[in-house]
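Taken together, the values in this text are just the output of simple stated rules run on the coordinates, not laboratory data. Because the structure is predicted, anything quoted here is derived from the model rather than measured. Neighbour counts run over all protein chains shown; Cβ positions are idealised from the backbone, glycine included.
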Amino acid sequence: MKRTIILLIIMIMAVVIHAGPEITFEKKKIDFGEITSGKVMDLVYNFENTGDETLIIKNINTSCGCTYTRLEKKEYEPGEKGTIPVKFFSKGFRGKVVKTVTVVSNDKSDPYIRLVLSGLIKLKNFSVVEVDNDVLDFGKIGINENPSKEVMIKNTGNIDLRILEVTHSPEVSTVFTKKIIKPGKECMLTVTFNPFQIGQFSTFLRVRTNAFKSPLLIIRLKTDITEGEKEIEE
């Protein structure tokens, strides 16, 4: 009799533990394969309320603005199926991408479910700007000195890279060996510093290009300006 009561208690506890809504996804990860940048992917995550109470989807959060989702409704009865449609906008991306969508529900066993979408994005025509050094440290220089440093700019894309605009402070001057860089080629940028006053100095050189993903190239310049060697009076 005692054993029967214990078994009955265990069964009741099991029922209590597993009672409630339960969201079960057909797939939590979708790989959309290889696409060309700019394409919009429409993906669908199918789910079912496999519990015994009403499932309520409270919220859906995406990992970035490139991913959009919506719900037709929020409440699903036991045994009812539903879908979470997701749009992924691939413009501006290149290479392997992984994005997530988090579904928040009243499923007590798993209230936060992360859905994953991934794929490989390729470009047809693009330019890419790369530099061998984005920080130029001139060290200590005298107020009357005009030191120069060089930066190598390379185009690793497959169309011409164009230097469109260059902005910097009055203390800086620049010279490019060329303003149009062919695919796989490079150019030399010479940066000359013309100190105005004594003290530590830091500024930025901004180069705007037609590069695909990061068109603005930013190079930091820093130095410590001193009095330098004084002229020997006769």
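The table below gives the values:
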item: Full-stretch length increase - Lys81, Ile180 - with 0.36 nm per residue and alpha-carbon distance subtracted; result: 30.0 nm
item: Members of Lys58/Lys87; Lys58/Lys213; Lys28/Lys74 lying beyond 24 Å, as alpha-carbon distances in this model show; result: Lys58/Lys213
item: Virtual spin-label span in nm between Asn158 and Asp110, 7 Å along Cα→Cβ; result: 4.1
item: Helix-only mean residue ellipticity at 222 nm for the chain, each DSSP H run of n ≥ 4 adding -39500 (n - 2.57), per residue, nearest 500; result: -2500 deg cm²/dmol
item: Degrees between helix 2-18 axis and first principal axis of the chain (Cα, 0 to 90, nearest 10); result: 40
item: Where trypsin sites (Lys or Arg not before Pro) in DSSP loops with at most 10 other Cβ within 10 Å are excluded, longest remaining stretch of the chain; result: 125-229
item: Val98 paired with Gln200, simple spin-label distance in nm, labels 7 Å along Cα-to-beta-carbon; result: 3.9
item: Gain in span if fully extended, Glu145 to Val166, counting 0.36 nm per residue against the direct Cα distance; result: 5.2 nm
item: Reach of Lys91 by Cα under 15 Å, taken over aspartates and glutamates that are not fewer than 8 positions away in the same chain; result: Glu34, Asp42
item: Range of Cα positions in segment 129-226 per principal axis (Å), largest first; result: 45, 19, 18
item: Amide H partners (placed H, <5 Å) of Gly228, local residues excluded; result: Ile143
item: Rounded to whole Hz, the Karplus (6.51, -1.76, 1.60) HN-Hα couplings of segment 145-156, x for glycine and proline; result: 8, 9, x, 10, 9, 10, 10, 8, 10, 10, 9, 9
item: Spin-label proximity, Cys64 to segment 94-116 - amide N less than 17 Å from point 7 Å beyond Cα toward beta carbon; result: 94-102, 115-116
item: Computed E for Arg220/Asp52 - FRET, C-beta separation, R0 45 angstrom, nearest 0.05; result: 0.15
item: Karplus (6.51, -1.76, 1.60) ³J(HN,Hα), θ = phi - 60°, over segment 158-173, in Hz, Gly and Pro reported as x; result: 10, 10, 4, 9, 10, 7, 9, 7, 10, 10, 6, 6, x, 6, 10, 10
item: Rounded to whole Hz, the Karplus (6.51, -1.76, 1.60) HN-Hα couplings of segment 192-199, x for glycine and proline; result: 10, 9, 10, x, 9, 8, 6, x
item: Length released on extending from Met188 to Asp134, taking residue separation times 0.36 nm less the Cα-Cα span; result: 18.1 nm
item: Sites Lys74 and Leu120 - FRET efficiency at Förster radius 45 Å, r taken between beta-carbons, to 0.05; result: 0.85
item: Segment 74-151 shape via C-alpha gyration tensor axes, a/c threshold 1.5; result: prolate
item: Identified option (computed mean projected area of the Cα convex hull in nm²; candidates (i) 14.7; (ii) 12.9; (iii) 22.7); result: (iii)
